[in-house]
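Peer 1: Below: one structure in structure tokens.
The values are calculated or read from the model by the stated rules, or taken from the named source; none is laboratory data. Nothing here was measured: the structure is a model prediction, and the numbers come from that model. For neighbour counting, all protein chains shown are included, and Cβ atoms are generated from backbone atoms with ideal geometry for every residue, glycine included.
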Amino acid sequence: MNSTLTSKPSNTAFQLKGGIFTLTTLELHNSCLISFCQQLQAMSEKAPHFFQQTPVVMALETLPATVDAPDLRAIAGRLRESGMILVAVRGGEQFRYTAESAGLAWLPFQKTKSEKNVVMMQQNGQPMPVERHELNGTGQKEDTSGISGSETKIIDQPVRSGQQIYAPGDLVILSQVSPGAELLAGGHIHVYGLLRGRALAGVNGDPEARIFCHRFEAELISISGHYKLTGQTEESSWSRHWGQSVLIKLAEDRLHISRL
């Protein structure tokens, strides 16, 4: 009996387990490949490295019922050139065979009550909706609201390009943040130096998170899944705050910036 209890398990080739993963959902509003490629190119030029190796689920339930089937093979190829990997499509029962023919998984659309994780990326003055969902092993959205953590992480060294720093609670940077570096926090982000990288606060869904910056020159900022690409030449109120001490917050599903 003892030998049975202590014997090693059989040498299996693989094991299936459930897990939680962050996926990006891209809503397709029309099936025009030219329009899609133009918008994708503009987004990629503005943030060339942000979506590298990003798994994407394409939502088709927003397409009109009478629209032609999208060329999913071509779309997948264009996304791959921009660093994104199309792994599945969601909704659009009439396009299920099209998805399967393109070698993509098809997922049924399930209406969710919460819209906290909708991302609005501005392209030529028009919002491009992208959603970031936490999925559990059954494919259902995981409820992560209110889980920001209480631990504060303090970094007193410069954050260099390519580095990524995460804090479950607040994140405090006492030095500068280089281009290409990324800060992620479940709570607030404080940068007491030059911010030239990316700062994502409230990554677990906390809409009350804030970003405080001594000198604002960020590539991208985000609060609770709402993103904005930034730049000095941008024709908006954001460009007036370039190089200034600022506070960034989320209000009425929009990111707002103000002087400190």
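Peer 1: Given the structure, is ALA199 hydrophobic (A, V, I, L, M, F, W, C) and part of a loop (DSSP other than H, G, I, E, B)?
Peer 2: no
Peer 1: Residues to consider are ALA74, ALA105; find the one that is modelled with pLDDT of 90 or more and closer than 14 Å to LEU33 by Cβ.
Peer 2: Residue meeting the stated conditions: ALA74.
Peer 1: Which numbered condition in (1) part of a strand (DSSP E or B); (2) under 30 Å from SER161 (Cβ atoms); (3) modelled with pLDDT of 75 or more is the only one that LEU23 fails?
Peer 2: (3)
Peer 1: Answer yes or no as to whether GLY197 is within 29 Å of LEU26 (Cα to Cα), more than 14 Å from the chain's Cα centre (by Cα), in the same structural domain as LYS249 (by TED's automatic domain parsing) and not basic (Lys, Arg).
Peer 2: Against the criterion (within 29 Å of LEU26 (Cα to Cα), more than 14 Å from the chain's Cα centre (by Cα), in the same structural domain as LYS249 (by TED's automatic domain parsing) and not basic (Lys, Arg)), GLY197 qualifies.
Peer 1: Being in contact with a helix residue (DSSP H, G or I) (Cβ under 9 Å, 6 or more places away or on another chain), more than 30 Å from GLN164 (Cβ to Cβ), crowded, with 19+ Cβ neighbours inside 10 Å and hydrophobic (A, V, I, L, M, F, W, C) narrows it down to one residue among LEU33, LEU86, LEU72, LEU40; which is it? Step through it out loud before you land on a result.
Peer 2: Working: LEU33 fails: crowded, with 19+ Cβ neighbours inside 10 Å; LEU86 fails: more than 30 Å from GLN164 (Cβ to Cβ); LEU40 fails: more than 30 Å from GLN164 (Cβ to Cβ).
Being in contact with a helix residue (DSSP H, G or I) (Cβ under 9 Å, 6 or more places away or on another chain), more than 30 Å from GLN164 (Cβ to Cβ), crowded, with 19+ Cβ neighbours inside 10 Å and hydrophobic (A, V, I, L, M, F, W, C) holds for just one of LEU33, LEU86, LEU72, LEU40, which is LEU72.
Peer 1: Let me ask another. Taking MET84, is it modelled with pLDDT under 50 and touching a strand residue (DSSP E or B) at 6+ places or on another chain (Cβ under 7 Å)? Please lay out each step first, then the result.
Peer 2: Values: modelled with pLDDT under 50: no; touching a strand residue (DSSP E or B) at 6+ places or on another chain (Cβ under 7 Å): yes.
Answer is no for this residue.
Peer 1: Quick check on region 200-225: of everything there that is surrounded by fewer than 20 Cβ atoms within 10 Å (Cβ to Cβ) and within 14 Å of ARG254 (Cα to Cα), which residue is nearest to the chain's Cα centre (by Cα)?
Peer 2: Taking the candidates together, the pick is PRO207.
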